[in-house]
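First up is the structure itself, then whatever we jot down about it.
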Amino acid sequence: MRKLFQIIFYIQLILISILVIVLTIRGFVYAARSTNHFRPEKWYPPLLGSAASAGIVSYLWEWISFHDPSKAIKTAFWVGPFLTCAVGILHILIGCPISLAISTIAIISSVIQSLYTCWVNPRFDYATKILTVYTSFPPDKTATFVILSIITCLVYSSFLVTGIGGATATGTGLDILFIIVILLTYTWTMQVIKNMLYVTISRVRYMNFACGADMNTWIAFRDTVQHLVGSVCIGSAVVPVIGTIRGSARVMKSVVGGTDEFLFSCADCYSRVASTLITYGNRWGFVHVGVYNKGFMQASADTWGAFKTAELIPLIDSDLTGAFCFFSGVAVGSICTLVGGTWALAIHKSYATEVSIYAFFIGYFICRVALASQQACVSAYYVAYAENPQSLQSDATIPVRIQELLQRYNV
């Protein structure tokens, strides 16, 4: 399976590259012959400008979250909803039916984000401490890897944008299908880039947390590229889907409660299915993928089993590291949407909707790649602690938090 997914990943990269080149050439030829349809000089600059903004803002955000985690967490959770709401207002100003639908989704999302922020506000102190303690001494050359990853994502995103522009130029039904395919492969590829960095950094930090050993980051990256691409590709396809299922199951169970027996039984059944799936597909499995060269599903099952044995599941569920990265991605994506959408609205209104959508995708994924190293450090510590809570390398952060949760539940 690992070899199969690795081959599929490389083949889709080749095929998408060929498709993008063909669409780009065809788009420019069509634009040169047409006098009143697609205008590349007004379509590409807003989108490429928003992509450049994504790279700059993502790196700055990674720097801020490393040097001042408390400020970064509060900004992501409290300012993020306002940025999402601003995206909704932008789409209201654009005014077309699709934009109005997007504005409705954006405004509802901003309200949900605000309510979630109010709910998790008591956990901010622990989230800040986790990020401060376990990311304060990142592996050697981490900044270099982050910068190279951001540059790679920028180049790849800009390359795909040219193909999307070429498909937009003609705008047939087949071109719409091409755009959807490009976006799907873009999503998978960005997840793979993020998780390659995740596996590399988590392996180095795990060795330090579990054994007190310092590992060369370049060697870890070389091993990841040579031996672990297949497992990373599998995890990159599986984790977002299972994470979404489990998140929706937790929300459903919280909302339904015990008020209606039928709804409660349905929510409980869905929650059990999600709990089973998360055992075989979770982001903490990437730690064992890097350290032990396991298959992704086996690695996920082993790490989740260690969490159960150490009774860390409630702590894992209450951890805000993943939510912080998600909110940060949404915030950066919203900034890129405002940059690209406002620019397009000013020079060519009919392009504003699609430009803002593509800009959000680019901003979100580049930010997630930039924050992968910090999320990897935290995950590596959780896994190392679960396997050996009595290790001399462990500090009191997690035990103290477990006691706080136990006291809260007892009360």
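Inspect the stretch 39-60 for any residue being farther than 28 Å from L154 by Cβ, assigned to a helix (DSSP H, G or I) and not acidic (D, E) and give the result as yes or no.
no
So in the stretch 123-138, with the set limited to residues that are at pLDDT below 85 and in a helix (DSSP H, G or I), which one is least open to solvent (accessible area, probe 1.4 Å)?
Taking the stretch 123-138 first, the residues at pLDDT below 85 are 133-138.
Next, from what is left, pick out any that are in a helix (DSSP H, G or I): 133-134.
Values: V133: 51, Y134: 7 Å².
Residue satisfying both the conditions and the ranking: Y134.
Does S70 satisfy the condition of being farther than 30 Å from T142 by Cβ, open to solvent by 30 Å² or more (accessible area, probe 1.4 Å) and not aliphatic (A, V, I, L, M)? Give the steps one after another, and end with the answer.
Numbers: farther than 30 Å from T142 by Cβ: no; open to solvent by 30 Å² or more (accessible area, probe 1.4 Å): yes; not aliphatic (A, V, I, L, M): yes.
So S70 fails the test.
Select from the stretch 111-169 the residues that are hydrophobic (A, V, I, L, M, F, W, C) and touching a Pro at 6+ places or on another chain (Cβ under 6 Å) and list them in ascending order.
L131
Scan the stretch 98-112 for residues that are within 16 Å of G341 (Cα to Cα) and out of contact with any His (no Cβ under 6 Å at 6 or more places or on another chain) and jot them down. Write out each step before concluding.
Start the filter on the stretch 98-112 by keeping residues that are within 16 Å of G341 (Cα to Cα), which leaves 98-103, 106.
Matches in the stretch 98-112: I98, L100, A101, A106.
Before we move on, is I56 crowded, with 16+ Cβ neighbours inside 10 Å and free of Cβ contacts under 8 Å to residues at least 40 places away in the same chain?
On the way: crowded, with 16+ Cβ neighbours inside 10 Å: no; free of Cβ contacts under 8 Å to residues at least 40 places away in the same chain: yes.
So I56 fails the test.
What residue, of S99, S114, is open to solvent by 20 Å² or more (accessible area, probe 1.4 Å), touching a helix residue (DSSP H, G or I) at 6+ places or on another chain (Cβ under 7 Å) and among the polar types (S, T, N, Q)? Spell out the reasoning first.
Values: S99 fails: open to solvent by 20 Å² or more (accessible area, probe 1.4 Å).
That would be S114, the only listed residue that is open to solvent by 20 Å² or more (accessible area, probe 1.4 Å), touching a helix residue (DSSP H, G or I) at 6+ places or on another chain (Cβ under 7 Å) and among the polar types (S, T, N, Q).
List pairs: first in the stretch 17-34 and closer than 19 Å to T189 by Cα, second assigned to a helix (DSSP H, G or I) and open to solvent by 30 Å² or more (accessible area, probe 1.4 Å), Cβ under 8 Å, 6+ apart or cross-chain?
Pairs found: S17/F159; L19/F178; L19/V181; V20/F159; V20/T162.
Answer yes or no as to whether T24 is surrounded by 15 or more Cβ atoms within 10 Å (Cβ to Cβ), under 18 Å from T172 (Cα atoms), out of contact with any strand residue (DSSP E or B) (no Cβ under 8 Å at 6 or more places or on another chain) and among the polar types (S, T, N, Q).
Details: surrounded by 15 or more Cβ atoms within 10 Å (Cβ to Cβ): yes; under 18 Å from T172 (Cα atoms): yes; out of contact with any strand residue (DSSP E or B) (no Cβ under 8 Å at 6 or more places or on another chain): yes; among the polar types (S, T, N, Q): yes.
Yes: the conditions hold for T24.
Buried (at least 24 other Cβ atoms within 10 Å of the Cβ) and over 29 Å from C118 (Cα atoms) - does that describe any residue in the stretch 300-308? Talk me through it step by step, then tell me what you get.
Within the stretch 300-308, the subset buried (at least 24 other Cβ atoms within 10 Å of the Cβ) is 300, 303.
Now narrow it down to the ones that are over 29 Å from C118 (Cα atoms): 300, 303.
Within the stretch 300-308, one or more residues are buried (at least 24 other Cβ atoms within 10 Å of the Cβ) and over 29 Å from C118 (Cα atoms).
What residue, among those in the stretch 300-319 that are among the small types (G, A, S) and in a helix (DSSP H, G or I), is nearest to S99 (Cα to Cα)?
Within the stretch 300-319, the subset among the small types (G, A, S) is 300-301, 305-306, 310, 318.
Okay, now just the ones that are also in a helix (DSSP H, G or I), so 300-301, 305-306, 318.
Working: S300: 40, A301: 42, G305: 45, A306: 46, S318: 35 Å.
Restricting to residues being among the small types (G, A, S) and in a helix (DSSP H, G or I), the top hit is S318.
Taking into account only those residues within the stretch 146-178 that are in contact with an Asp or Glu (Cβ under 9 Å, 6 or more places away or on another chain) and β-branched (V, I, T), which is nearest to R33 (Cα to Cα)?
Residues of the stretch 146-178 that are in contact with an Asp or Glu (Cβ under 9 Å, 6 or more places away or on another chain), as a first pass: 146, 150, 164, 166-169.
Those left that are additionally β-branched (V, I, T): 146, 150, 164, 168.
Details: V146: 42, I150: 36, I164: 19, T168: 15 Å.
Among residues in the stretch 146-178 that are in contact with an Asp or Glu (Cβ under 9 Å, 6 or more places away or on another chain) and β-branched (V, I, T), the one nearest to R33 (Cα to Cα) is T168.
Any idea how many residues of the stretch 19-77 are polar (S, T, N, Q) and touching a helix residue (DSSP H, G or I) at 6+ places or on another chain (Cβ under 7 Å)?
Start the filter on the stretch 19-77 by keeping residues that are polar (S, T, N, Q), which leaves 24, 34-36, 50, 53, 58, 65, 70, 75.
Remaining after also requiring touching a helix residue (DSSP H, G or I) at 6+ places or on another chain (Cβ under 7 Å): 24, 50, 53, 58, 65, 70.
The qualifying residues number 6.
May I ask you to list pairs of residues, at least six apart or on different chains, whose Cβ atoms are under 9 Å apart, with the first in the stretch 268-295 being open to solvent by 60 Å² or more (accessible area, probe 1.4 Å) and the second being of a type in the set (D, E, K, R)?
From the stretch 268-295, the pairs are Y270/K253; L277/R246; Y292/D302; N293/D223.
What helices (runs of 4 or more DSSP H) completely inside the stretch 320-411 contain at least 2 residues that are under 19 Å from L160 (Cα atoms), modelled with pLDDT of 90 or more and open to solvent by 50 Å² or more (accessible area, probe 1.4 Å)?
Working: elements: 321-347, 352-370, 372-387, 397-410.
By residue number, 352-370.
What number goes with the only condition from (1) open to solvent by less than 20 Å² (accessible area, probe 1.4 Å); (2) without any contact (Cβ under 8 Å) to a residue 12 or more places away in the chain that E41 does not pass?
(1)
Within the stretch 139-249, considering only helices (runs of 4 or more DSSP H) that don't extend past its boundaries, which have at least 3 residues that are open to solvent by 30 Å² or more (accessible area, probe 1.4 Å), more than 24 Å from I18 (Cα to Cα) and modelled with pLDDT of 95 or more? Give the derivation first.
Numbers: elements: 142-170, 173-211, 217-227.
Correct list: empty, since no element meets the threshold.
Filter the stretch 250-260 down to residues that are open to solvent by 40 Å² or more (accessible area, probe 1.4 Å) and hydrophobic (A, V, I, L, M, F, W, C) and give me whichever is modelled with the lowest pLDDT.
Of the stretch 250-260, the ones open to solvent by 40 Å² or more (accessible area, probe 1.4 Å) are 250-255, 258-260.
Pick out the ones that are also hydrophobic (A, V, I, L, M, F, W, C) and you get 251-252, 255.
Details: V251: 77, M252: 77, V255: 70.
This residue is V255.
The values are calculated or read from the model by the stated rules, or taken from the named source; none is laboratory data. Predicted, not measured: the structure shown is a model, and the values here were computed from it. Glycine also receives a Cβ, built like all others from the backbone with ideal geometry; neighbour counts cover every protein chain displayed. Ligands, DNA and RNA are stripped out before the accessible areas are found, and what is left, the full protein with its side chains, is counted by its heavy atoms. Shrake-Rupley method; radii C 1.70, N 1.55, O 1.52, S 1.80 Å.
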